[in-house]
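Here is the structure we will look at, set down as structure tokens.
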Amino acid sequence: MTSETITAAAAGTWRLGDLAINRLGFGAMRLTHLADGSPSDRERVTGVLRRAVELGVNHIDTAAFYFSPLRSANELINRALAPYADDLVITTKVGPGRDAAGQWWWAEPGQLRGQVEENLRQLGRDHLDVVNLRVPRRETTGSVAEHFGALAELRTAGLIRHLGISNARPDHLAQAQAIAPVVCVQNPYGIGSPAEDHAFLDACGEQGIAFVPFFAIAGAGKEAGASAEDSAEVRALAEAHGVSAAQLRLAWTLSRGPHVLAIPGTGNPDHLVENVAAGSLRLTAEEVALLTAG
């Protein structure tokens, strides 16, 4: 696959509310540090962000809790891309927080405004395009109504344009939808996900809600990055198409429906180009079904 001339537009477009974006976006989590935990090179990752926009990426996913001792993803985005292009959509998430030592805590409804304002300050924005309420653990969390209601009030106040939920279940989506419109669901998802996750993705599409997988490339590796163990089906199809396993995983993700977005993250400019190019790869229905069953 010749990737140098392919832009994010090759993946097609979707709308988050009234915001039109290319379906191949960029996740900021990996900007702050390398896989071994050491700080990223500031100039290198600033260049990656600028190159992403040059390649047509107009949807960036970030969070105030994406930081290392020396780097903040939001502030890197601000430094690299402000003043922001009119068509650039920045999605962030609230709910989790981290103190200066990196220890996690979870916000009460009354603390969400402070988290929203932290994102506004770091990004240098007067409003946030999309804010996802991140649910602590979708297996055990009860109602999200109180937290989501607090964000809906901030939307009414003009601090937030659109709302989404993350790490959520179908009942969480129903609770949120009863309070305010939901434009996206951001959940862990990829090849090998269980049947109920496939069903939730399909249900979002039926409601016109974007489904935004994270860990689409990493799979079981999650925050640590892509696993070295790809299935025989992934390896064979990647070889047949002349692409990497990561590119095949992204192409499969996008093939799951026109409402499915991709937000692969990287601090490597070469990987960025490869990720964007994956948006032009089209899999057959048989190939998609084979990988989905796997």
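The values are calculated or read from the model by the stated rules, or taken from the named source; none is laboratory data. Computed from a prediction, not measured in an experiment: that's the story for all the values here. Note that each Cβ is placed from the backbone with ideal geometry, even for glycine, and that neighbours are counted across all protein chains shown. Quick note on the areas: whole protein, heavy atoms, side chains included, nothing else; ligands and nucleic acids left out. Shrake-Rupley method; radii C 1.70, N 1.55, O 1.52, S 1.80 Å.
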(request) Inspect all residues belonging to the range 154-162 and state whether any of them is aliphatic (A, V, I, L, M), closer than 19 Å to Phe211 by Cα and modelled with pLDDT of 95 or more. (result) no
(message) Pairs please, first residue from the range 86-102 and modelled with pLDDT of 95 or more, second anywhere and of a type in the set (Ser, Thr, Tyr), Cβ atoms under 8 Å, 6+ apart in sequence or on different chains.
(response) Ile90/Thr62; Ile90/Tyr84; Thr91/Thr62; Thr92/Thr62; Lys93/Ser166; Gly95/Ser166
(message) Quick check on Val53: is it out of contact with any His (no Cβ under 8 Å at 6 or more places or on another chain) and either open to solvent by less than 30 Å² (accessible area, probe 1.4 Å) or closer than 24 Å to Gly102 by Cα (or both)?
(response) no
(request) Could you please find all residues in the range 1-29 being modelled with pLDDT under 95 and either in contact with a strand residue (DSSP E or B) (Cβ under 9 Å, 6 or more places away or on another chain) or surrounded by 23 or more Cβ atoms within 10 Å (Cβ to Cβ) (or both)? (result) Met29
(request) List every residue pair whose Cβ atoms sit under 8 Å apart, with the two residues 6 or more apart in sequence or on different chains, where the first one lies in the range 140-159 and is touching a residue at least 40 places away in the same chain (Cβ under 8 Å) and the second, anywhere, is open to solvent by 40 Å² or more (accessible area, probe 1.4 Å) and in a helix (DSSP H, G or I). (result) Ala150/Gly110; Ala150/Arg113; Leu154/Arg113; Leu159/Arg113; Leu159/Glu117
(request) Looking for whichever is at pLDDT below 95, in contact with a strand residue (DSSP E or B) (Cβ under 8 Å, 6 or more places away or on another chain) and either open to solvent by 30 Å² or more (accessible area, probe 1.4 Å) or not basic (Lys, Arg) (or both) here; the options are Gly205, Gly190, Gly257. Which one fits? (result) Gly190
(request) Would you point out the residue of the range 260-287, among those that are in contact (Cβ under 8 Å) with a residue 24 or more places away in the chain and among the charged types (D, E, K, R), that is surrounded by the fewest Cβ atoms within 10 Å (Cβ to Cβ)? (result) Arg282
(request) State yes or no: is Asp61 within 20 Å of Ala216 (Cα to Cα) and of a type in the set (Asp, Glu)? (result) yes
